[in-house]
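Reviewing the structure listed below.
The values are calculated or read from the model by the stated rules, or taken from the named source; none is laboratory data. Just so it is clear, the structure is predicted and the values come from calculations on it, not from any experiment. Here the Cβ positions follow ideal geometry from the backbone for every residue, glycine too, while neighbour counts run over all protein chains shown. When the accessible area is computed, the model is the full protein with side chains, heavy atoms only, and any ligands, DNA or RNA have been set aside. Shrake-Rupley method; radii C 1.70, N 1.55, O 1.52, S 1.80 Å.
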Amino acid sequence: MFDLKPISSGGVAAALQKADRYRLIHDPSSAESICLDVLELEPGNQQALVTLLLAITDQFAAGPTSGVRRARELLPRLTDGYKRAYYAGIICERCGKAQVDRGGPGAGALAYDWFREAMGWYEQAEAQRPAGNDEAILRWNTCARLLERNPQLAPREEEPVEPSLE
């Protein structure tokens with residue numbers, strides 16, 4: 001519909017700072033737009049990819065369905081294995097939190113699944129972490145505490161299977 005206007009290569013650093021500010025003031029759609037502009041010019045810009053991923057996950061409270069796919073599609077573009085695992089965990093953790101906030105039937109079990117998946121990713125990130133980087137451990141501990149303190153966050157109860165009379 002519209003021909004988007006390209007930004008200049010000299011404006012990338014300032015644009016990324018602005019994207020961070022928009023995330024801080026809870027305007028993730030503006031941060032997302034800025035990151036897309038940067039990535040149009042520099043498709044491999046790692047800071048823009050991470051900020052875009054975070055801006056997308058900031059919007060999960062409204063409903064993560066398409067956002068999860070879009071955020072996960074960015075993971076292979078991250079060049080560092082640690083960051084791929086860490087941000088895969090962030091995506092799952094934020095889905096879990098959004099599920100808790102939305103509530104509804106089965107929300108506790110769905111959130112539980114998201115948090116457990118996040119913890120698995122954080123364990124993978126922990127195994128690859130740079131020396132002195134405890135981010136993945138901190139996130140894993142956060143998920144563990146959320147699960148421990150909220151008994152409604154539990155795995156799905158298995159339906160009893162009726163034996164066949166045949």
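Accessible surface for region 55-166, divided over its residues, is 61 Å² per residue with a 1.4 Å probe. For the peptides 46-54, 34-42, 127-135, residues were scored by their other Cβ atoms within 10 Å and the scores averaged per peptide; the highest-first order is 46-54, 34-42, 127-135.
When you restrict to C-alpha pairs under 8 Å that are six or more residues apart and normalise by the size of the chain, the relative contact order lands at 15 percent. Here L138 and A14 are evaluated by their C-beta separation; at R0 = 41 Å the FRET efficiency comes out at 0.85.
How much net charge surrounds R70 when only the other residues with a Cβ under 15 Å from the Cβ of R70 are counted, with Lys and Arg +1 and Asp and Glu -1? Can you show the working numbers first?
On the way: positive: R69, R72, R77, R94; negative: E32, D58, E73.
Computed value for this residue: +1.
Where does region 1-53 land on the Kirkwood hydrodynamic radius, alpha-carbon pairs, in angstrom?
Working: mean 1/r = 0.0914 Å⁻¹.
Mean inverse Cα-Cα distance, inverted, gives 10.9 Å.
Across region 46-149, counting alpha-carbon atoms alone, Rg and Dmax equal 13.3, 42 Å. Here the Karplus curve 6.51 cos²θ - 1.76 cosθ + 1.60, taken at θ = phi - 60°, turns the phi angles of region 135-152 into couplings of 3, 5, 5, 4, 5, 4, 4, 4, 4, 4, 5, 4, 5, 5, 8, 10, x, 6 Hz, with x standing for Gly and Pro.
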